[in-house]
Amino acid sequence: MLAVHLLLVFCWSIANAQPPPNPGAFCAGVYADESRTLDCVNGLPGASFVLYLWAWVPPDTGLAYITLRFDLPANLDLTARPTFHDQVTGVIIADYPDGTVEWTMLVVDCPTGWIRVFTQACVISDAEPAAITIIGQHSMMRDCEFVLNDIEVLNALTVNDPDCEMTALEKATWGAVKRLWQK
């Protein structure tokens, strides 16, 4: 049993260390898990999940700050305060008339590779399909040589997408889960 557990931890570590498809590019993505594998969640109103914002910084550079513009769906409530990576030292948030929100996060020590920039607790307020997206043309990363870099957006995180496989979320009762299968 210990060998199986160690193998699973080893396999998770290898998958977690894998660079994105273009390892020379600055990248960002939103996920519903620590290992960057879940990009969709389904849940009844009141169900909660944690959003993970991951950034990839090429190994020969370093991250000084990251600016990301998000389109957050109306049926998703951000609860509590986000939890930032230890190297994030400041955050500026700006709301735009089109309903998007921009977060600029200052970073110290020029980290590279995968960086879990922040996590954010979320609650689904209704059953309508939606998506959390990063708007690439309004997002950028500045490296430690102070060069401004465009980013590649890795994904969107969909919520209540009918094509999404089942994802267990907090506050779901066994009865609620059974009702989903009976539909």
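The values are calculated or read from the model by the stated rules, or taken from the named source; none is laboratory data. The model shown is predicted, which means the values in this text are computed figures rather than measured ones. Cβ atoms come from the backbone with ideal geometry, glycine included; neighbour counts cover every protein chain shown.
Residue by residue, here is whether (1) surrounded by fewer than 16 Cβ atoms within 10 Å (Cβ to Cβ); (2) out of contact with any strand residue (DSSP E or B) (no Cβ under 7 Å at 6 or more places or on another chain); (3) modelled with pLDDT of 95 or more; (4) within 21 Å of residue 21 (Cα to Cα) holds:
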position: 122; (1), (2), (3), (4): no, no, yes, no
position: 127; (1), (2), (3), (4): yes, yes, no, no
position: 131; (1), (2), (3), (4): no, no, yes, no
position: 140; (1), (2), (3), (4): no, no, yes, yes
position: 143; (1), (2), (3), (4): no, no, yes, yes
position: 155; (1), (2), (3), (4): no, no, yes, yes
position: 161; (1), (2), (3), (4): no, no, no, no
position: 170; (1), (2), (3), (4): yes, no, no, no
position: 176; (1), (2), (3), (4): yes, yes, no, no
Would you call residue 108 surrounded by 15 or more Cβ atoms within 10 Å (Cβ to Cβ), aliphatic (A, V, I, L, M) and modelled with pLDDT of 95 or more? no
Quick test for you: out of 135, 93, 115, pick the one residue that is touching a Ser or Thr at 6+ places or on another chain (Cβ under 9 Å), of a type in the set (Val, Ile, Thr) and in contact (Cβ under 8 Å) with a residue 60 or more places away in the chain. 135
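Restrict the check to the stretch 38-57 and report whether at least one residue is in contact with a helix residue (DSSP H, G or I) (Cβ under 8 Å, 6 or more places away or on another chain) and surrounded by 15 or more Cβ atoms within 10 Å (Cβ to Cβ). Give the steps one after another, and end with the answer.
Step one: list which residues in the stretch 38-57 are in contact with a helix residue (DSSP H, G or I) (Cβ under 8 Å, 6 or more places away or on another chain), which gives 42, 44.
Checking which are surrounded by 15 or more Cβ atoms within 10 Å (Cβ to Cβ) leaves us with 42, 44.
Yes: the stretch 38-57 contains one or more residues that are in contact with a helix residue (DSSP H, G or I) (Cβ under 8 Å, 6 or more places away or on another chain) and surrounded by 15 or more Cβ atoms within 10 Å (Cβ to Cβ).
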Matching entry among 152, 165 (being among the charged types (D, E, K, R), part of a strand (DSSP E or B) and in contact (Cβ under 8 Å) with a residue 24 or more places away in the chain): 152
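Among the residues of the stretch 52-89, which ones are of a type in the set (Gly, Ala, Ser), over 14 Å from the mean Cα position of the chain (by Cα), in a strand (DSSP E or B) and at pLDDT 95 or above?
64 - this is the single residue of the stretch 52-89 that is of a type in the set (Gly, Ala, Ser), over 14 Å from the mean Cα position of the chain (by Cα), in a strand (DSSP E or B) and at pLDDT 95 or above.
Report, by residue number, each residue of the stretch 90-132 that is among the polar types (S, T, N, Q) and under 18 Å from the mean Cα position of the chain (by Cα). Even if it seems obvious, please write down each step before you answer.
The first filter runs over the stretch 90-132 and keeps only residues among the polar types (S, T, N, Q), leaving 100, 104, 112, 119-120, 125.
Correct list: 100, 104, 112, 119, 120.
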